[in-house]
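Visitor: Mind having a look at this structure? Questions to follow.
The values are calculated or read from the model by the stated rules, or taken from the named source; none is laboratory data. Fair warning: this is a prediction, and the values are worked out from it, not measured in the lab. Cβ: placed from backbone, ideal geometry, glycine included. Neighbour counts: every protein chain shown.
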Protein chains: 2
Amino acid sequence: MTEKTNKQIRLASRPSGWVTAENFSVSEEAIPRPADGEVLVRNIYMSVDPYMRGRMNDVRSYIPPFRIGEVLQAGVVSQVVESRFDGLQEGDLVTGMLGWENYSVSDGRLLRQIPSGPAPLSYHLGILGMPGMTAYVGLMKIAAAKKGDNVFVTAASGAVGSVVGQLASIHGCHVAGSAGSDEKVALLKDEFGYNTAFNYKTSDSLPDSVRAACPKGIDVLFENVGGEIFEAALWSMRDYGRIALCGMIADYNLDEPQPGPRGMMLIVGRRLTIRGFIVSDHPKWCDEYVRKAIGWLKEGKLNYRESVAEGIENAPQAFIDMLKGRNTGKQIVQLADLD
Amino acid sequence: MTEKTNKQIRLASRPSGWVTAENFSVSEEAIPRPADGEVLVRNIYMSVDPYMRGRMNDVRSYIPPFRIGEVLQAGVVSQVVESRFDGLQEGDLVTGMLGWENYSVSDGRLLRQIPSGPAPLSYHLGILGMPGMTAYVGLMKIAAAKKGDNVFVTAASGAVGSVVGQLASIHGCHVAGSAGSDEKVALLKDEFGYNTAFNYKTSDSLPDSVRAACPKGIDVLFENVGGEIFEAALWSMRDYGRIALCGMIADYNLDEPQPGPRGMMLIVGRRLTIRGFIVSDHPKWCDEYVRKAIGWLKEGKLNYRESVAEGIENAPQAFIDMLKGRNTGKQIVQLADLD
């Protein structure tokens, strides 16, 4: 153990619009002790993800909102320091929903043990964790992508989108996507399995850009963004197309929800299916994915990029940057080195 | 045969906004003769339906648009006058997509023979025809309604909605709906199986009215309207709710498609499924429905209301009135008496 105290990041105030540094506060406490059935862990890596923005608003959703003054939560990879839970012992590596902090105490049943091989530890927050599972469940189960499908992905270079492209490519789909810079667009084509991609920020017409990227139309839309790009993609959907609705990052920083896409009558005429989903509803498919993904990583069929910030103090800025699209691939924060 | 000529209604011009009488023209021709494989029929009843409004616009959809100068098409119940098709003979009763006209010639393979009993002939344009089949396929197959579900129906007193309510009631659902007059609301509760209903035209707040009608939330939304009532219903959806998107009557008379509902992020958080459908994609389910519906009619479990206009000349006004919601139940036009 290096740290003598437990530094924590708390929600100081609810953001109105974009998140700023003022919405966070830093506190420092004594390292907590586990009770019976609990485990004390040292947090090595934590994840910052788009869905957290939604939890900063005081609205009912599938997970309760963060409370003001409370330590924020994140997916974390940790090492057990002290265990009073039968299934875990000192030195074990685990993942779970813990705090934005150096040390956490958790009910042992809420932690999932992970192997120290065959992939880097931080991968369990990304390509082997929630974002990778989300890509697989959304693409292969919710939207039922199959060989030959034309797949379009918004926020294609993000933690989820960068996996969706590769999974679509592995499964024989034609895959196209949109991202927010020319560098990201190049990366999509060079590393993430995309046949074609465009920069939505420099597009003169999103509907035209989507049509150029998917000239035959879209069979499967993996939608992370909402707003104008969602509308443009909807207009290109083919008959019997499937839309996996994963997130609406364009909405998260708006005080008022924006209207849905124009032309929803298309959903009838083209017999479209739109399905919203939450990856944690599908633990069996997640396990199925992790087994397959470890194989694909070994075979070199899956590429992965991380943006790594250092230190718990920098977690708020890493989160803010990720929401603004400044990261490439999965944004994580390293809190400590593994002993 | 009474008529000596064939009176026909043609599309004179494409409507901009609401349809008016000027969008139609009347022509009179000699009664046509069938070629080999064809049948000459005398049209007894024709149907006017909301989807026809979409075909008046010059846009790609699941059926091609009407062409200017062309005889309009409709679902029709007819009697065979002269047959040069092996499967049909003089006097047979048939249904099919034919013209807004007194006599039609059709490829015999495109007609479906119907029995002269056990239900009135006109029922094959309504409760035993496309609207009834649409209600069944949408509610029971697309949205997979099951016992105990909370079902909400927009345009609940229309040709489709009035069947949806009764089917939901037969299957043990709690069913609520919205309609455009107090008389229709009374009819929904008295005749069409609705547990509760409200008049959307006199509602101060559609979201409040929907919440009052479905205090536990909505498991299944049968959506015929779009616009504000769709948004209000969306906001009341329960986790894992299913939305059968049948039509968007609120959009049909707008020159520009209106935006979709605000708050589409709900679709993710509540894991909703939205499915657009076209009943003609599902002939097996349609046959299944007709068999069941004849039984339910006999047992008195299905009620049915028609608004009947008289004469081909009055078909345009009957169509206009239906689009404005002036009809109750299924709007049809009687073109002739059965010989």
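Visitor: Filter the range B:129-154 for residues that are out of contact with any strand residue (DSSP E or B) (no Cβ under 7 Å at 6 or more places or on another chain) and either of a type in the set (K, R) or at pLDDT below 95 (or both); which is nearest to B:V220 (Cα to Cα)?
Guide: Of everything passing the filter in the range B:129-154, B:K146 is nearest to B:V220 (Cα to Cα).
Visitor: Follow-up. So which residues in the range A:246-279 are within 7 Å of chain B (Cβ to nearest Cβ) and either among the aliphatic types (A, V, I, L, M) or under 17 Å from A:V19 (Cβ atoms) (or both), if there are any at all?
Guide: The answer is A:G247, A:M248, A:D251, A:M264, A:M265, A:I267, A:V268, A:L272, A:I274, A:I278.
Visitor: Within the group A:G165, A:G138, which residue is of a type in the set (G, A, S), assigned to a helix (DSSP H, G or I) and more than 15 Å from A:T196 (Cα to Cα)?
Guide: A:G138
Visitor: Go through (1) under 23 Å from B:M265 (Cα atoms); (2) at pLDDT below 95 for A:K4 and report which single condition fails.
Guide: Status for A:K4: all satisfied but (1).
Visitor: Failed condition for A:D287, given (1) within 14 Å of chain B (Cβ to nearest Cβ); (2) without any contact (Cβ under 8 Å) to a residue 24 or more places away in the chain, with all others met?
Guide: Condition (1) is where A:D287 drops out.
Visitor: Checking B:P115 against (1) surrounded by fewer than 16 Cβ atoms within 10 Å (Cβ to Cβ); (2) part of a strand (DSSP E or B), which single condition isn't satisfied?
Guide: Exception for B:P115: condition (2).
Visitor: Here's another thing I want to ask about it. Can you run down the residue pairs with Cβ atoms below 7 Å, 6 or more apart or on separate chains, where the first is in the range B:185-198 and surrounded by fewer than 24 Cβ atoms within 10 Å (Cβ to Cβ) and the partner is among the β-branched types (V, I, T) and modelled with pLDDT under 95?
Guide: B:L187/B:T328
Visitor: Those residues that are under 30 Å from B:N102 (Cβ atoms), among the charged types (D, E, K, R) and without any contact (Cβ under 8 Å) to a residue 60 or more places away in the chain, I need them from the range B:290-313; list them, please.
Guide: If the condition is that a residue be under 30 Å from B:N102 (Cβ atoms), among the charged types (D, E, K, R) and without any contact (Cβ under 8 Å) to a residue 60 or more places away in the chain, then B:E310 is the only one that fits.
Visitor: Is it the case that A:Q79 is over 24 Å from A:K324 (Cα atoms) and touching a residue at least 40 places away in the same chain (Cβ under 8 Å)?
Guide: Answer is yes for this residue.
Visitor: A further question on this structure: Answer with yes or no whether A:V210 is over 19 Å from the mean Cα position of the chain (by Cα) and closer than 20 Å to B:P259 by Cβ.
Guide: On the way: over 19 Å from the mean Cα position of the chain (by Cα): yes; closer than 20 Å to B:P259 by Cβ: yes.
So A:V210 fits the description; yes.
Visitor: Has the range A:203-219 got at least one residue that is of a type outside the set (A, V, I, L, M) and facing another protein chain (nearest Cβ under 7 Å)?
Guide: No, the range A:203-219 contains no residue that is of a type outside the set (A, V, I, L, M) and facing another protein chain (nearest Cβ under 7 Å).
Visitor: Moving on. In the range B:243-257, what count of residues is obtained for those that are over 17 Å from the mean Cα position of the chain (by Cα) and surrounded by fewer than 22 Cβ atoms within 10 Å (Cβ to Cβ)?
Guide: So the answer is 4.
Visitor: Look through the range A:213-226, keep the residues that are of a type in the set (G, A, S) and more than 19 Å from the chain's Cα centre (by Cα), and return whichever of them is surrounded by the fewest Cβ atoms within 10 Å (Cβ to Cβ). Can you show your working first?
Guide: To start, the set of residues in the range A:213-226 that are of a type in the set (G, A, S) comprises A:213, A:217, A:226.
With more than 19 Å from the chain's Cα centre (by Cα) added as a condition, the list becomes A:213, A:217.
On the way: A:A213: 22, A:G217: 16.
This residue is A:G217.
Visitor: I've got another one for you. Which one of A:E223, A:E256 is touching a helix residue (DSSP H, G or I) at 6+ places or on another chain (Cβ under 6 Å) and among the charged types (D, E, K, R)? Before you say what the answer is, go through the steps one by one.
Guide: Values: A:E256 fails: touching a helix residue (DSSP H, G or I) at 6+ places or on another chain (Cβ under 6 Å).
From the options A:E223, A:E256, the qualifying one is A:E223.
Visitor: Can you tell me which residues in the range B:235-245 are in contact with a Gly (Cβ under 7 Å, 6 or more places away or on another chain) and more than 7 Å from chain A (Cβ to nearest Cβ)?
Guide: Passing the criteria: B:W235, B:S236, B:M237, B:R238, B:A244.
Visitor: Of all the helices (runs of 4 or more DSSP H) wholly in the range B:252-339, which have at least 1 residues that are not assigned by TED's automatic domain parsing to the domain that holds B:Y136? First the steps, then the outcome.
Guide: Numbers: elements: B:265-269, B:283-298, B:315-323.
Of the helices (runs of 4 or more DSSP H) lying wholly inside the range B:252-339, those with at least 1 residues that are not assigned by TED's automatic domain parsing to the domain that holds B:Y136 span B:283-298, B:315-323.
Visitor: Here's something else I'd like to know. Among the candidates B:F66, B:F85, single out the residue that is part of a loop (DSSP other than H, G, I, E, B), under 24 Å from the mean Cα position of the chain (by Cα), crowded, with 16+ Cβ neighbours inside 10 Å and of a type in the set (F, W, Y).
Guide: Details: B:F85 fails: under 24 Å from the mean Cα position of the chain (by Cα).
Exactly one residue qualifies, and that residue is B:F66.
Visitor: Sticking with this structure for a sec: Run A:H282 past the list (1) in contact (Cβ under 8 Å) with a residue 12 or more places away in the chain; (2) more than 14 Å from every other protein chain (Cβ to nearest Cβ); (3) over 23 Å from B:R262 (Cα atoms) and report the number of the one that doesn't hold.
Guide: (2)
Visitor: For the structure I just gave you, tell me whether B:A35 is in the same structural domain as B:P316 (by TED's automatic domain parsing), part of a loop (DSSP other than H, G, I, E, B) and modelled with pLDDT of 95 or more.
Guide: It is true that B:A35 is in the same structural domain as B:P316 (by TED's automatic domain parsing), part of a loop (DSSP other than H, G, I, E, B) and modelled with pLDDT of 95 or more.
Visitor: Still on this structure: Tell me, yes or no, whether the range B:307-326 has at least one residue that is away from chain A (no Cβ under 14 Å) and at positive phi. So that I can check it myself, show each step before the final result.
Guide: Of all residues in the range B:307-326, those away from chain A (no Cβ under 14 Å) come to B:307-326.
Next, only the ones that are at positive phi stay: B:311, B:325.
Yes, there is a match, as at least one residue in the range B:307-326 is away from chain A (no Cβ under 14 Å) and at positive phi.
Visitor: Shifting gears a bit: Could you grab me the full set of residues in the range A:156-182 that are among the aliphatic types (A, V, I, L, M) and surrounded by 24 or more Cβ atoms within 10 Å (Cβ to Cβ)?
Guide: Within the range A:156-182, the first condition is being among the aliphatic types (A, V, I, L, M), and the residues that meet it are A:156, A:159-160, A:163-164, A:167-168, A:170, A:175-176, A:179.
Once the filter is applied, which keeps residues that are among the aliphatic types (A, V, I, L, M) and surrounded by 24 or more Cβ atoms within 10 Å (Cβ to Cβ), the range A:156-182 yields A:A156, A:A159, A:V160, A:V163, A:V164, A:L167, A:A168, A:V175, A:A176, A:A179.
Visitor: Here are some conditions: (1) in contact with a Lys or Arg (Cβ under 6 Å, 6 or more places away or on another chain); (2) at pLDDT 95 or above; (3) not aromatic (F, W, Y). A:P316 meets all but one. Which one does it not meet?
Guide: (1)
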